[in-house]
Amino acid sequence: MNNPIIANIRVEWDWVKPGIEKILAEQPQLTYRPEDVYAECVNGTATLFTQGRNFVITQMEVDQYSSNKIFLLWLAWTEERGLNHAASLIAFFEQIARDCGCTIIEIKSPVDKLEGYIIENGWDLYTRVFRRKLGQDEEK
């Protein structure tokens, strides 16, 4: 299969949006909307890559303390689950990250099924974030 290509979110929106909606439905803790992702891509702060009917949306971040540039694989979607599409593209995205001057490539996901696979393939676990919502009327 060919490498992903940079795509125009305006052109691809009709099929990308339902994928984003499915991701958000599976991960209700995420606070953004599909339209926020669209806006990030239109404004150039995120990039849509497509490969057939698969997509990856990336962002670049800068560590505020070290100034290291981080290449974030923000969202990824494929209709054909369980075939390790994303894993087959890691080398491609690592090269894109290097080309962009990044020193770190990062994935953020609450999907625990990914952890073992990712760690087995050379990634390090840096942190886990646990949250508790505080009600306005709660007292301790």
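Just to be sure, is Glu40 crowded, with 18+ Cβ neighbours inside 10 Å and of a type in the set (D, E, K, R)? Considered against the rule, which asks whether it is crowded, with 18+ Cβ neighbours inside 10 Å and of a type in the set (D, E, K, R), Glu40 comes out as yes. For the stretch 2-9, the count of residues that are surrounded by 15 or more Cβ atoms within 10 Å (Cβ to Cβ) and part of a strand (DSSP E or B) is nonzero. Taken over the stretch 111-131, the criterion of being surrounded by 12 or more Cβ atoms within 10 Å (Cβ to Cβ) and not hydrophobic (A, V, I, L, M, F, W, C) is satisfied by Glu115, Tyr117. Of the residues screened, Gln64 is not one that is surrounded by 18 or more Cβ atoms within 10 Å (Cβ to Cβ) and more than 16 Å from Ile107 (Cα to Cα). Being of a type outside the set (Gly, Ala, Ser), under 24 Å from Phe130 (Cα atoms) and touching a Lys or Arg at 6+ places or on another chain (Cβ under 8 Å) holds for only one residue in Glu26, Glu21, Glu61, and it is Glu61.
The residues of the stretch 23-51 that are touching a residue at least 40 places away in the same chain (Cβ under 8 Å) and in contact with a strand residue (DSSP E or B) (Cβ under 7 Å, 6 or more places away or on another chain), listed by number, are Ile23, Thr47, Leu48, Phe49, Thr50. Of the residues making up the stretch 10-20, those that are of a type in the set (D, E, K, R) and either part of a loop (DSSP other than H, G, I, E, B) or surrounded by 13 or more Cβ atoms within 10 Å (Cβ to Cβ) (or both) are Glu12, Lys17. When Ala76, Ala25 are screened for being closer than 21 Å to Ser109 by Cα and in a helix (DSSP H, G or I), only Ala25 passes. The set of residues in the stretch 28-37 that are modelled with pLDDT under 95 and either surrounded by 12 or more Cβ atoms within 10 Å (Cβ to Cβ) or part of a helix (DSSP H, G or I) (or both) contains only Leu30. Of all the listed residues (Glu79, Glu94, Glu61, Glu106), the sole one being more than 15 Å from the chain's Cα centre (by Cα) and either under 25 Å from Ile6 (Cβ atoms) or free of Cβ contacts under 8 Å to residues at least 60 places away in the same chain (or both) is Glu79.
The values are calculated or read from the model by the stated rules, or taken from the named source; none is laboratory data. Everything numeric in this text was worked out from a predicted model, so none of it was measured. No Cβ is skipped: glycine too gets one built from the backbone with ideal geometry, and neighbour counts run over all protein chains shown.
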